[in-house]
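Read the structure below first, then the notes.
Read the figures in this text as sums done on the coordinates, not as results from a lab. Worth saying up front: this structure is predicted, and the values here are computed from it rather than measured. Note that we place each Cβ from the backbone using ideal geometry, even for glycine, and neighbour counts take in every protein chain shown.
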Amino acid sequence: MELDVLLLSRLQFAFTIMFHYIFPPLSIGLGVLLVMMEGMYLKTRDPQYEAMARFWTRVFAVNFAMGVASGIVMEFEFGTNWAAYSRYVGDVFGSALAAEGLFAFFLESGFLAILVFGWDRVGPKMHFFSTLMVSLGSIFSSVWIIIANSWQQTPAGYHIVNGPNGPRAEILDFWAMVFNPSTVDRLSHTLLGAFILGAFFVMSISAYYVIKERHLDFAKRSFKIALALGTASSLLIAISGHSNANMVAENQPAKLAAFEGHFHTGEGASPLYIIGWPDEEAQEVKYGVAIPGMLSFLIHGDFETPVPGLDTIPDEDEPPVFLPFMTYHVMVSLGVFFIALTLLSCFFLWRGTLFEKRWLLWAHVFAVVGPYIANQAGWVSAEVGRQPFIVYGHLRTSDGLSEAVVAEHVLVSIIMFGLIYAMLFVVWVWVLNHKIQHGPEPAVAHAGGAPISGGKDLLIATANLSQPGKGHSLSGIRDEEEDNAQTEEEE
Amino acid sequence: MEFETLQIFWFVTVGFFLAGYAILDGFDLGVGIMHLLVAKTDHERRLTMNSIGPLWDGNEVWLVVFGGALFASFPEAYATAFSMFYLPLHLVLFGLIFRAVSLEFRSKSDNPIWRKAWDVGFFLASTVTTFIFGVAVGGSIQGLPIDEKFIFRGGLLDLLQPYALMVGTMAVATFAMHGTIYLYLKTEGELQERAHQWMWRTFGFFLVCYVLTTIATFEVAPHATQNFREYPLAWVIVLLNVLAIANIPRAIHLGRPGYAFFSSCCTIAALATLFGAALFPNLILTTLPDGQSLTIFNSSSSHGTLHLMQIIAFIGAPLVFTYTCIIYWVFRGKVELGHNSY
């Protein structure tokens with residue numbers, strides 16, 4: 001059997017990036033919630049908020065480590081599997097990458113140390129600052145990587161010159177590259193998707209605790225904070241989604257046609273398929289339920305102008321339809337579901353009966369799967385919809401491959417990734433489950449320390465706060481106390 | 001700034017990130033290499049792992065930034081090097097993933113088999129990763145079959161020349177020594193005693209590798225010494241390197257581990273500088289008669305991009321420096337186990 005390097009490399013990239021993308025959205029979403037919780041703690045001094053921040057930080061840390069480990073792979077893979085693509089885009093991505101490394105990666109990984117390990121080494125304000133920096137860092141890294149990816153979708157601010165190895169893109173206008181036509185829409189959509197995941201994740205575990213009647217105060221408060229973020233983000237992402245669709249219609253009509261299974265332009269208004277099964281052979285959507293004229297209304301704002309279909313695109317530039325259509329529709333349907341579920345929960349929260357509705361809590365326990373699928377599906381539709389180009393309109397995916405790589409090596413690395421990621425995934429789920437079953441530490445002043453020393457710790461923490469400059473002189477006393485506490489609870 | 005000056009600036013900067021990575025991740029990789037030898041009991045192994053616990057993640061970012069800076073400033077070299085080292089680099093990736101996972105998950109269960117497995121995994125992953133980094137450096141010094149369009153025309157065996165394997169071994173020796181000194185600095189009692197013994201042994205191992213590799217470099221890669229003939233000032237680096245190495249046993253003997261660690265940091269920095277001086281202005285040397293070496297001049301990004309990145313670097317560097325200092329300050333002192341530990 002002849003092994004196809006292109007197909008294998010695409011599979012490898014899809015597999016590794018999808019595995020990676022399990023983790024960063026949760027880091028981003030959970031990071032925002034951590035800032036909210038710790039902010040509440042600083043404001044109210046209620047130890048329950050500190051217990052919340054500490055517990056969710058531990059979950060955050062496991063998730064973050066997985067994100068880092070699977071993320072380094074991505075940077076390497078551009079060079080190992082897509083060398084020709086790297087030569088082509090290097091000059092354009094250069095500044096974005098430099099900025100991502102310097103501003104984002106150092107920021108998040110550095111302050112993560114204080115966030116996770118520094119609870120007893122720095123004062124509450126410094127700790128809050130670290131949490132804020134980690135959250136900002138994770139958002140920054142999404143900014144730069146989405147600028148780069150958006151440039152691949154809608155290139156701007158560049159020209160094509162002859163490099164040492166054939167044509168390549170060179171940057172002309174940095175800000176035009178940064179604010180290329182799709183950056184803002186895609187960035188806001190991605191971030192909101194991440195916020196929804198973070199919110200649904202916290203709601204899922206909290207709902208589970210409420211059902212099991214464990215850590216009730218902790219769980220209810222976590223749920224409410226997450227519900228606030230989840231509801232706001234679910235509503236906003238609908239607006240962002242509409243704006244995205246219009247942006248795609250304008251800049252990548254072939255992709256929009258693939259999303260909507262819009263094979264034939266036809267005359268008059270174009271229909272919008274709610275569900276369906278696109279058949280690329282027959283060039284039609286089978287078993288479809290469509291709203292007549294709706295696509296024209298969404299894109300053009302009227303029920304007359306047709307939206308260009310795939311028949312306007314040269315055959316060799318046509319993206320596949322089945323996968324973008326399906327993933328796009330899954331994403332949109334899930335988005336509607338998120339709005340329904342969060343609004344319903346808000347309603348019952350307002351009525352004061354939310355935490356008695358066991359069916360709704362169970363729905364929340366399982367609903368966390370939704371944002372995971374929606375985030376993945378959204379990216380699949382965005383990336384497959386860009387095909388057959390790797391840089392839209394300029395470089396074909398088949399021309400982006402490494403020149404020197406042989407199929408067998410790619411196959412070996414896919415198998416290795418498959419094994420190591422499967423193991424990683426199992427261990428991740430296991431550790432996460434362990435953390436969830438273990439639950440938060442009881443809310444005492446300085447959770448985790450021995451209750452006797454708790455009161456003193458609070459005094460010292462307060463003293464630290466009132467005299468921020470003298471924090472270090474007191475840390476010695478605190479260390480001693482912790483030692484006593486630790487010898488008791490040594491594993 | 002002139003285009004050529006910018007290209008040299010970015011060569012130095014990329015080298016700086018590589019040196020920073022070697023110094024910083026060097027000690028935590030070294031801790032991994034020495035994990036089974038220095039730490040014997042479960043408690044000690046938790047201590048060694050936690051001595052790098054808050055830091056390894058930030059240290060690894062230097063590799064990401066090195067890769068990013070190379071991609072950004074010399075995309076041709078990034079593309080050629082990374083696709084050429086396809087399998088070795090994937091091994092590095094698996095090694096780095098495994099390290100992260102073993103650090104994170106070792107203490108999650110009390111089962112001794114579970115912990116032992118992650119201990120061995122942590123050791124193996126650290127050692128293999130370090131070894132391959134060395135092999136890649138060795139290959140770049142010796143030269144590789146690159147054609148006139150910057151495409152690698154060899155196979156796996158071209159990457160595994162004896163000289164490259166030797167540099168790989170030396171990398172393991174260097175990081176082992178570096179990590180042991182770090183452990184000595186960070187631990188107390190019996191564990192520190194054992195680190196002290198291993199400090200001498202790893203230093204001896206390093207010294208042997210250093211001498212042998214130096215001799216081999218003269219034999220195998222005479223072109224690597226060309227810059228030293230052209231710019232005699234470069235011998236200053238060699239001198240500093242020798243002084244830094246000689247200072248390690250002196251500091252150990254004087255009982256000043258911080259000084260020893262500083263000397264071993266300087267040793268690694270000097271080795272990285274020697275590597276850069278041997279390469280300049282090449283990035284990847286070709287061994288093919290009709291091939292073309294990748295130099296900093298023929299494989300860089302455009303003038304505009306290099307200039308833009310320089311501005312970004314000048315804004316970002318002070319920030320990175322400030323918070324790196326803050327974090328090392330917060331986590332100063334001996335390692336202790338608490339409820340936030342691995």
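Entry note, region A:157-296: relative contact order of 16 percent, from Cα contacts under 8 Å with a spacing of 6+ residues. Max-minus-min Cα coordinates of region B:277-319 on each principal axis give 45, 22, 10 Å, with the largest extent listed first. Cα convex hull, chain B: 135 Å³ per residue, rounded to a whole number. In this structure, B:LYS149 and B:ILE311 have a Cβ-Cβ separation that, at R0 = 41 Å, corresponds to a calculated FRET efficiency of about 0.80.
Taking a straight line from the alpha carbon of A:LYS224, these aspartates and glutamates sit under 15 Å away, with near neighbours fewer than eight places off in the same chain left out: A:GLU38, A:GLU356.
Remark: mean inter-chain Cβ contacts per residue of A:400-411 equal 4, using a 10 Å Cβ-Cβ cutoff to other protein chain atoms. With N the number of residues in region A:338-436, Rg(Cα) / (2.2 N^0.38 Å) evaluates to 1.71. Only Cα pairs under 8 Å and 6+ residues apart enter the sum, and on that basis the relative contact order of chain B stands at 27 percent. What number comes out for the charge environment of A:VAL248, summing +1 per Lys or Arg and -1 per Asp or Glu over other residues with Cβ under 9 Å away? So the environment of A:VAL248 carries a net charge of -1.
Taking a sphere under 13 Å around the Cβ of B:PHE122 and counting the other residues whose Cβ falls inside, with K and R at +1 and D and E at -1, yields a net charge of +3.
The tail of the calculated P(r) for region A:1-125, taken as Cα-Cα distances beyond 17 Å, holds 67 percent of the pairs. In this rough spin-label picture, where each label sits 7 Å from Cα along the Cβ direction, the A:ILE160-A:ARG45 distance is 6.6 nm. The gain in end-to-end length when the A:ALA422 to A:ALA282 segment is fully stretched comes to 46.6 nm, 0.36 nm per residue minus the alpha carbon separation. With distances taken between every two different alpha-carbon atoms, region A:256-357 has a Kirkwood hydrodynamic radius of 15.3 Å. Taking a Cβ cut-off of under 12 Å around A:SER402, the surrounding Lys, Arg, Asp and Glu residues balance to a net charge of -2, with basic ones at +1 and acidic ones at -1. Site pair B:ILE8 and B:TYR328 shows an inter-label distance of 2.8 nm when each label is modelled 7 Å from Cα along Cα→Cβ.
Residues of region A:255-271 with an amide N closer than 16 Å to a point placed 7 Å from the Cα of A:ASP311 along the Cα-to-Cβ direction: A:257-258, A:261-271. Averaged over peptide A:174-182, the number of partner chain Cβ atoms lying within 10 Å of each residue's Cβ comes to 1.
Put the Cα centre of region B:205-242 next to the Cα centre of region A:333-349 and the gap is 68 Å.
Inside 10 Å of the C-beta atoms of B:103-115, what's the mean count of C-beta atoms belonging to other chains? For peptide B:103-115, the averaged partner shielding equals 2. For the peptides B:225-234, A:75-84, the ranking by mean Cβ contacts within 10 Å, running from highest to lowest, is A:75-84, B:225-234.
Note on chain A: semi-axes of the ellipsoid equivalent to its C-alpha gyration tensor, largest first and rounded to whole Å, are 44, 28, 20. The translational diffusion coefficient of the protein assembly as shown, from Stokes-Einstein at 25 °C and 0.890 mPa s with a Kirkwood hydrodynamic radius over alpha carbon pairs, comes to 86 µm²/s.
For the pair region A:1-63 and region B:120-135, the centres of their Cα atoms are 27 angstrom apart.
What number, in percent, do you get for the relative contact order of chain A if the mean sequence gap of Cα pairs under 8 Å and at least 6 apart is divided by its residue count? Value for chain A: 20 percent.
Taking a straight Cα-Cα cut-off under 13 Å and skipping sequence neighbours fewer than 8 places away in the same chain, the aspartates and glutamates within cross-link reach of B:LYS40 are B:ASP119, B:GLU190, B:GLU193. The orientation-averaged projection of the convex hull spanning the C-alpha atoms of region B:1-153 amounts to 10.3 square nanometres. Put simply, when A:403-416, A:25-38 are sorted by average Cβ atoms within 10 angstrom per residue, most first, you get A:25-38, A:403-416. Under a point spin-label approximation (7 Å from Cα along Cα-to-Cβ), what is the A:GLU267-A:LEU11 distance to one decimal in nm? Going from the A:GLU267 label point to the A:LEU11 one covers 4.7 nm.
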